[in-house]
Every structure is written in C-alpha cells, then in structure tokens.
1. Which ³J(HN,Hα) values in Hz, rounded to whole numbers, follow from the phi angles of segment 265-279 under the Karplus curve 6.51 cos²θ - 1.76 cosθ + 1.60, where θ = phi - 60° and Gly and Pro get x?
2. Can you tell me the relative contact order of segment 7-192? Whole percent, Cα pairs under 8 Å, sequence separation 6 or more.
3. List the aspartates and glutamates whose Cα sits under 15 Å from the Cα of Lys81, skipping any in the same chain fewer than 8 residues away.
4. How about segment 221-312: which trypsin sites (Lys or Arg not before Pro) there are in a DSSP loop, with at most 14 other Cβ atoms within 10 Å of their Cβ?
5. Expected output is a single nm value to one decimal: the length gained when fully extending between Arg563 and Asp170, i.e. 0.36 nm times separation in residues minus the C-alpha distance. What is it?
6. In which sequence would Ile526, Ile512 go, from the one with the fewest C-beta neighbours within 10 Å to the one with the most?
7. Specify the inter-centroid distance of segment 38-97 and segment 598-635, based on alpha-carbon positions, in whole Å.
8. For segment 604-685, which GluC sites (Glu not before Pro) are both in a DSSP coil and crowded by at most 10 other Cβ atoms within 10 Å?
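A short reminder: the numbers here are calculations on the coordinates, not readings from a lab. Only a predicted model underlies this, so the values are computations on that prediction, with no experimental measurement involved. Cβ sites come from the backbone with ideal geometry, for glycine too, and all protein chains shown count toward neighbours.
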Amino acid sequence: MPDFGSKSQVSMAWLLNDKRLTMDDRIRYAVFDSLMLGRASSPLARKLLDSGLGKSLAIGSGVQDDLRQAVYSVGLKDVAKEDEGKVGELVMKCLGEVRAEGVDPLDVQAALNSVEFKLREFNTGQLPRGVAWFLSVAPEYLYNGREHDVSELMRFEAPLRRLREDIAADKPVFEGIIDGIIGNKHRIVVITSPEEGKGERLRREEKELLEEVQKDGGRQLATGCERMMVWQNSEDSFEDISKIPMLRKADMPREDEEISCDEDQGILWHPEIRTQGLVYADVVFDATGLNIEEQCRLPVVMRGLTELGLHKADSVQQLHRRIEMGTGGISGGIVNVATQGGGRTAAVVRGRCLLEKVEAMADLMVAIVNDCDWLGDRRRLAEVVDELCSNWEQSMLIGAGHQLALSAAYSSLPTHSRVHDANRRSYAQSGLPYYRELLRLRKLLSSEETWEQAAGELRATAQNAMNRDTFAVVSAAGPEASRDAWGSFGERLTAPGSVSQASAVSRTSLGIPGEMYGIVAPSVQIGYNARALTVPDDTDVGTAIVAAQLVNMNYMWQQIRMRGGAYGASCQFNHRSKSFGMTTYRDPHVKRSLEIMRDAGKWLQDRSSLDDRTVEQATVGVIGQLEIGHLMPDETLRTSLIRWLAGESREERQARRLGILGATREGIEDIGRRVGEAELCAEVCIGNGAALEEAGVSPLLPLVDHV
C-alpha cells in the first residue's frame, strides 16, 4: 500500500541572474536543461535517480525563466524523513561529477536538435499561435518591455548559430554554466513534508471558528451573506448586456470544416494540413480486443516503448539520443472513442521530424515496436513504473481528480449496452484499476524472484496490442515526398500476437460497486464530484450539445463556482454515446453539489432561466469549439484519427452542426425533461473520508484496498 504520510520532496534552487537574460542566455539554459534533466538517461538525472534517495525528480526541476530572475531547481520526490538532509549534498556532488566527467558530444548534439526543433515547430496545441506567443512573451514585456523589444524572443536562429559555433570551437559552454551554479551562493534548499493529522486539525479549527463567529457576530454575518446572495442572483439588464459586442448565429458558418484525407494501402494521407515542411505520423494499432488486465497495463507499455532501449541494439541512452538527433520526438499514447457500437481503443505511436529524416524516423518507429527490450534492465523498468505511480498521484489524483471522478462515473452507468465499453476501457487505463496495477507491478519489480513475471506480462501485452494483425493504419501529414516512407510499414512488423474479439467490460471487473460511491483519498482535502447519465437514442444531438453548454456556462458556473466556492465546474455531452457528464473541481461541498447536478434538468425546463438570446450565445460558443482551422498539425491529425476510428461521415458532422445552429428554447426544454427523467445515472465523489461520510456517500472505496 502506498505511503502518503511519510515521504518528502527536497529541492535545491539557485537564482541565475541579476540582469536581464538575453536570447543567447535563454537558449543556452534551455539546451543545458535538456542535456542535464531532459530524459531519464541524462547525466544529472541519472546520477540523482541512481542514488536511491528518491523515486523521481522533484516537481519543478529544471530552468524556470518566467519571472524577473530565472531559477534553476533540482531535487527528488518520495524522500524518506531520515534522508532529507542528504539531498542537498547529493545535488552538489552530482553537479561536480558531471562537471569533472564532461558530457558526451553526441548527447550535446541531441539536446541541441531537440531544442531547435521545438523552437521551429512552436507547437501550441489547441491554443491559437498568436495567443500562445503573447502569453510566452508576457513576462518579458512586464519586466523589460519599456527598454527592450520583446520580439527578440522570436529571433532564435542567430543565438542558436552562435551556440553551435562555440561548441564546435570546444568552448566550455555547459561546464561554465555548472561552475556558475556550484559557486552561486544565492541558493536555498526547500523541504516539503506532509503533516500527519493536518486534515483533521484544519477541520477542527474551522468548526471552532464557525462556532465563534455564530456566537459573537452571527447575525451580522448572515445579513452580509443575504446581501451578497441578492447581488449574485440579480441579472444584468438587457441594456447593459447589449453594450457588449458579440457574434450572432447568423455570423456562424453553416458548413462543417472538413479535413481532407486520402486512404490508400494502410495510409491516411492528409495533403492539405500545413506542416511548414515537417512530417507528422501516427502509427495506429487496434487494441480494442485486449482483456481488462492488459488494458490496465497498456499505458505502461506505451510509455516503455521509448524508455527501455532496444533488444541487442541500443541502450536507453542510445535510443534517446537517436530519437533526439533524428526526430522532433517519438511517443506512445492511447485513444479511446465511444460509439453506439461499443467504441474502439487504439494504441498509437506518434512521431514528428524534418522531411530529410522521415526514413530514419520510420525505421526507428518500427524498431521500438518490434524490439523494445522489456527483459533487459530491471532497474530502468522499475523506474518507469515508479514515475508513472508518482505522476498519477500528483497529476490525476490531485490535479485532475474531476476527470478521474467523471471517468469512474461513466464506467459505473448501469447498462448492459456496449456503448460504454470504451469508457470502461478508458477508466481501466487511467483510473483506480490502472493505479492498482501500477502498485502490483511495482511490488513484483522490487523482488529478484518476481520481476521477470512483471516484465513478461508487459511484453505479452505489447505483442498483443501491436503486431501485424492489429496494425490499422498510418495517419500522416507532410510534404508529398514523405508519403512513400509509410507504404510498407505494416509489412515490417514482426511481433507475433493474438487478436481477440472485443468483449463487453463489466463493472465488476473494474471493482465498481454500483451507481454511487466515494473514493477515499487521504491527500485530497477539497474534493471532486461527478454525475453521468445517458439519454434516449432519439435525443436531438445538436440541441443536447447546446443544452450542455448552457448548463456549463450558466447553471453550473453560477451555482457551484460563484455561490458554492468550488474552483471549477463543467458539463459536457458526448454525442457518440449520448451521455451527459457533470463535474466539480476542488469543491468544498459534496451533498450540495450533487443536488445541484441532479436538478440540471429542472433548470433547463425553467423558462425564467433561459431566453432566446441566452440560447443563441450558447450556440455561438459551441460552434466556436468545433472550429479546427487554428489547430496545430498534430492536433488536426488527432482530430482526423478520432473521426476515422468513430466511423463518422461528413454528412453526420454536417447534420450535427445544423442541429446545433437550429437549437431552440423549446428544444432545450425537451432535453431538460430527458435529463430529469434519465434512469441510467451514476455519481462518484473523491475526497477525504470524513467529508464523504458526512454527505452520506456510500459505499466508500479506499484508494488502494489490496495489492
């Protein structure tokens, strides 16, 4: 069972500058950061992890240059109490050793290539490039905008060239940075430790404070709250709202945006995606037929492809070097698409590179699928599992608990229809079943007698997920000259495997006790709540999407975020599975929030809450979310892949768009009635045990009940 109460994080941090950083400085620090800590085989990261004092690098390790003074931070997570004082000495010792031993010139070139590719690509995900660039230069503008031109941050070619020239001339570029860090007295060691019993102490202090307030000034406080409620409940006047410029439905394009795609001989080729001369490729395998245990292991497999080296060929360090020198990155991922037919799960190997490197990238992607060295390095495999455990505890449980709760709620819906199998596979890959599998693998890998069992299970899962028979397609975009590199990809796969027919995934196999339950997480003081429900098949999809937007931006925002004090709340509608999902994020309430989510259908039917203008605003917002013209090439490729996996036609998308534009207040009321009458519902709450018990949530599942 994981120990949430005795491990610390220890970081050592330095201030790097007392004058403004130039673009030359920023690029040198970026390359240094990539070289030292960018991957598990990096020299500084390797020495720290090999010490055994911690399981993974501390949060925030690396260069942070978004303030007036940049900071370099290095440390470890999951450090035992008795070892806290050793980490600072270890960091200084490791920096000295790296300085004395030097770094491999090939690693330097790999780090340079990696940083340069990121600068040239400028991948902003789903964020428009202009907005992303503004946010990236905002700190420089705030601190130095009057004296310096912030557009300098876009001009990276000359600083990169000067850095390459200095390295070619054998100047001690990175040795100088290390010397500067070691001799820098502006440093601090920060130890972050959990306080045993803090949650109970805070609840006790809060209760005492409330009693004191009610005794001495309860009436005055109540009067202030009543005034605030009146102010919150008052609507802005139509005249005031009319002063705000806004788009109307008539301004929205009626034609759905199409992603041009040619399917031929195992290739989905996208000739119209603008890639600025780069090549993007997703190699797709059908993993729908994996059994539930293999679905739980699949995320470990996809991470391990690029983290374990190649059998009888490349070590981890050599593989990382090949990836960074020949590509802009290769990674493994999973895509789940829920449909009326049960949905599909795809294991995806993604890569990007320059045109002249496309053959090398294709060869490398074949190699990591065929020859990943699962049985070669027990310690490295254990590190991968440890990192995934740490990431889940920090990112999923703490940072994205609302997503975890909603995934669990979708999986808990009481239906025998295979429409929810994809949701349940997704939960197996990211929820409690996945975390418990990580802990089981960690336990097996800790023993000399059992580690090969864990490695063998992962290898078998990889072979069953990715082989000639499960290979589906290569979805690619780039210059036309890169197309031929993918024509024979499937024929080059050698891994044997077995392909099973996808079977229904039961709630019992995932350890789900019913339609309502709580997950007790000791480290979560402010919780997460979720409610999922399905509506009949004949529900108007376009109107339901607009209804979800109304609940999201009007009802949930006002009731849970503004009045309830939660950090966030949301509502969404999955048009493929005909399911609504509502969540609250870092929410101090449980019972109140559940009641609000249960009343969403009533609110949609209340004509006093909605008028035609409000419905129109929601419609415009939904259409904006459908736009894809601003997406980066890899995101556009991902969108096209999801459409292909779902078997969705252009006519279906066009009909859905017109349904959204045609949404009316009467149609919204009908959706409200269907939501209110929904019989297939599920609710899941995540938080500390005391809060869940007080709200009457039952049964309560411990985060880990057995391993």
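1. Result, rounded to whole Hz: 6, x, 10, 9, 9, 10, x, 9, 6, 7, 10, 6, x, 8, 10.
2. 36
3. Answer for Lys81, where 15 Å is the Cα cut-off: Asp3, Glu195, Glu196, listed by chain and number.
4. Lys243, Arg248, Arg254, Arg274, Lys312
5. Between Arg563 and Asp170, full extension yields 135.3 nm more.
6. Details: Ile526 17, Ile512 23.
Taking fewest neighbouring Cβ atoms as first place, the list is Ile526, Ile512.
7. 45
8. Values: sites: Glu616, Glu627, Glu635, Glu648, Glu651, Glu652, Glu666, Glu669, Glu677, Glu679, Glu683; in loops: Glu627, Glu648, Glu679.
Passing both the DSSP loop test and the Cβ count: Glu679.
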